Amino acid sequence: MPLALLALAISAFGIGTTEFVMMGLLPNVADDLGTSVPTAGYLVSAYALGVVIGAPLLTALGSRIPRKRMLVSLMALFTVGNLASALAPTFGLLVAGRLLAGLPHGAFFGVGAVVAARLVREGRQARAVATMFLGLTIANIIGVPAATLLGQQLGWRATFLVVAAIGLVAMAALARLIPPLPADERTGLGRELRALGDRQVLLGLLTTVFGFAGIFAVYSYLASMMTEVTGFAEGTVPLVLALFGIGMTLGALAAGPLTDRALRPTLYGSLAALALVLTAFHFTAQVKWAALATVVVIGAVGFLTTTPLQMLVMNKAQQAPTLAAASNQSAFNLANAGGAWVGGLALAAGWGWTSPTLVGAVLAALGLAVALVAGLLDRGDRDPSRIVARSGETETEQITGETETEQVTGAAVPAGDRIG
C-alpha cells in the first residue's frame, strides 16, 4: 500500500477523535460554561449538522480544485474549527466551533476515498479506502479514551488543542505524502448533481441511512445497557467501548479484501449478520462474558458495512464519484442521529433497556431489504464496467451493448458482481 494512505489515515484519526470525544466531555463542558448536560448535548448535534451541510457544499465548491490542495484545505478548516472550540469563551461560540469543525468531515472522506482508490492498482481500491477508514476505528480505541482522560484531567479545552495539533500533523503529512492529483476538468456542480441523482446512488445512500442507523440505535445506549442490564460498574464502560472499537477495527481490516472480491455479497452478508447479532444481543446482554463478546461482533459486522457502502455509491456515480462519496458521509451522520432517536423512542415507550437492540435489528433488516432491491434492479440494467476514480486526463469508452470500459490511471476497473 502507498505511504500516502498513512496521511489519509492520520487525518481520519483526528476526525474520528473530535467527532466522538465530546460525548465523554459533556459534563465537564456543562460545568465549566454554566449550562446543563442536555443542553451541552447540542454540541454533538452541531458537529453532525456541520457534516450534513458541509459534505455536499464543500465538495461541490471544490470540484475543480486539485485533490491534494483540496485535502490540505479541508484539514486546515478542521484544524481551525477545533482551535476555535478550544478558545471559545461562551457556549454559543463553542457550538459555532463544533459546527465549523464538522463542515469538512464528509467532504474530506469523500475526496479522500476517491484519492485512495486512485493511488492503488486495479482490484485493491476497496482495501485502500478501508485503510483510510482504519484511522477512524483506531480513534475509537486510542484517540477518544485518551482525549477524554486528558480533558478530564487538564480541562476540555486541552482536548481540542491536542486535536488541533493532530490536524497540523495531518496537514503536513498530506502535503508531504499525497502525490499531485489534478481534478477532473470536466467535473462541475451540474455533473456531480446528475451523478448523485442516479437511482442506484440514491438507493445506496438509503441503505446507509437504514443499515447504519441499526448500529447507532444500540451504540447510543450501550453504556446504559452495560450498567443497567449486564451489571457492569460505570468505571468499566470505557473498556466496553474500547472493545467495540476493537471490533470496528477488525471489521475494517476484513472489509477491504472482501469488498474487492465481491462488493454486493459483502454488503448483503454484513447487513444480514448485523440484524442477527443485534437480535442476539437482546438476550446475551444478560450475561457479562456473552455481552462483551457480542459487543465486539457488533462493532466488527457493523463496520464491515462501511467500505462496501462507500464503494457502491462511488461505483454507481462513476461520472462524478466525489460528491456521492461525500454525501454518503452525510448519510452516515443521518443514520447516527436517526438511530439514536428511534432507539430513544423505544426506551421512552417503556420497552426496556435492551429494546434498542431489536429496533436496531429491524433497521439493519430494512437496510438489507433496500440493498437487495437495488441489486435486483441493477441486474436488469447493468453496465459491464464500473469505475471508482478518474484521472481527469484520459477516458475511452466502447459501447456495443455488451462492453464498456473507461480508462482510469492506466487501468479500467471491472464491475460485474465483484464490484457491484
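What the table below lists for this structure:
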item	result
Residues that are at pLDDT below 95 and within 17 Å of P238 (Cα to Cα), drawn from region 296-324	G299
Test set (1) out of contact with any Asp or Glu (no Cβ under 9 Å at 6 or more places or on another chain); (2) touching a residue at least 12 places away in the same chain (Cβ under 8 Å); (3) more than 17 Å from F20 (Cα to Cα) - Q125 fails condition number	(1)
Test: residue in region 243-253 that is under 21 Å from the mean Cα position of the chain (by Cα), among the aromatic types (F, W, Y) and surrounded by fewer than 18 Cβ atoms within 10 Å (Cβ to Cβ)	no
Helices (runs of 4 or more DSSP H) contained in region 132-230 and holding at least 1 residues closer than 26 Å to L8 by Cβ and either touching a Gly at 6+ places or on another chain (Cβ under 9 Å) or modelled with pLDDT of 90 or more (or both)	144-154, 156-177, 199-219
Members of region 27-69 found to be open to solvent by 20 Å² or more (accessible area, probe 1.4 Å) and charged (D, E, K, R), listed by number	D31, D32, R64, K68, R69
Single condition T354 does not satisfy, out of (1) in contact with a Ser or Thr (Cβ under 7 Å, 6 or more places away or on another chain); (2) modelled with pLDDT of 85 or more	(1)
Residue pairs meeting the criteria (Cβ under 8 Å; at least 6 apart or on separate chains; first part of a loop (DSSP other than H, G, I, E, B), in region 35-55; second open to solvent by 40 Å² or more (accessible area, probe 1.4 Å))	T35/F91
All positions within region 60-77 that are touching a Ser or Thr at 6+ places or on another chain (Cβ under 8 Å) and either within 20 Å of G14 (Cα to Cα) or of a type in the set (K, R) (or both)	R64, L71, M75
Hits in region 1-26 - residues which are free of Cβ contacts under 8 Å to residues at least 60 places away in the same chain and open to solvent by 40 Å² or more (accessible area, probe 1.4 Å)	M23
Sole exception among (1) within 19 Å of L181 (Cα to Cα); (2) of a type outside the set (D, E, K, R); (3) buried (at least 24 other Cβ atoms within 10 Å of the Cβ) for V72, by number	(3)
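The values are calculated or read from the model by the stated rules, or taken from the named source; none is laboratory data. The model shown is predicted, which means the values in this text are computed figures rather than measured ones. For neighbour counting, all protein chains shown are included, and Cβ atoms are generated from backbone atoms with ideal geometry for every residue, glycine included. Protein only, heavy atoms only, side chains kept; ligands, DNA and RNA dropped before computing areas. Shrake-Rupley method; radii C 1.70, N 1.55, O 1.52, S 1.80 Å.
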